[in-house]
1. Name the residues in segment 89-111 that are modelled with pLDDT under 95 and among the charged types (D, E, K, R), would you?
2. Among strands (runs of 3 or more DSSP E) lying entirely in segment 1-111, which contain 3 or more residues that are open to solvent by less than 20 Å² (accessible area, probe 1.4 Å)?
3. Report whether or not residue 124 is over 15 Å from the mean Cα position of the chain (by Cα) and either more than 20 Å from residue 9 (Cα to Cα) or open to solvent by less than 20 Å² (accessible area, probe 1.4 Å) (or both).
4. Quick one: which residue in 24, 93, 81 is over 15 Å from the mean Cα position of the chain (by Cα) and closer than 21 Å to residue 109 by Cα?
5. Against the definition (touching a Gly at 6+ places or on another chain (Cβ under 9 Å), under 16 Å from residue 18 (Cβ atoms) and not small (Gly, Ala, Ser)), how does residue 62 come out, yes or no?
Amino acid sequence: MLCIAAPMAGKDKAFWVSLEVFEAQFDLGEYNEFRDVRVVERNYAKQWFYLDQSGILRFSLPVIDYYNGSTEFINGRHRTAVLFNELDRIPMALSQRATKVLLSRSALTPLRENEQFILPDLPKVDRPNNV
């Protein structure tokens with residue numbers, strides 16, 4: 001399914017993050033603490049997508065911040081788990097703080113504004129807004 005990242009908040013920036021970098025540079029304790037990410041259903045929440053005014057499918061990226069020496073999800077733990085079960089690298093948004101820290105210690109590839117990317121064709125289901 002062809003998508004473009006939904007507009008991001010403030011100074012957040014989008015990057016491609018590999019599973020290798022995610023496991024090495026992100027706080028997996030915080031990631032695992034709030035959700036069992038080992039077993040995830042192969043589907044998307046409908047709320048993660050919308051069609052913009054031009055009819056382009058937009059995808060809301062998982063968003064990461066950096067606080068007190070570790071990465072923290074602002075949102076998107078479940079999205080991250082679904083995508084990493086399907087892909088070796090995924091699009092993610094990083095806050096300004098997270099961008100500074102993670103770029104200094106990892107090689108991240110920027111996701112260009114309006115860059116199209118392909119997500120696996122998985123069913124979209126209704127979920128509560130908190131996933």
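The values are calculated or read from the model by the stated rules, or taken from the named source; none is laboratory data. What you are looking at is a predicted structure, and each value in this text was computed from that prediction instead of being measured. Cβ coordinates were reconstructed from backbone atoms using ideal geometry, including for glycine residues, and neighbour counts include every protein chain displayed. In case anyone asks, the SASA skips ligands and DNA or RNA and just uses the protein heavy atoms, side chains included. Shrake-Rupley method; radii C 1.70, N 1.55, O 1.52, S 1.80 Å.
1. Scanning segment 89-111 gives 97, 100, 105.
2. 2-5, 13-18, 89-94
3. Judged against the criteria, residue 124 is a match.
4. 24
5. So residue 62 fits the description; yes.
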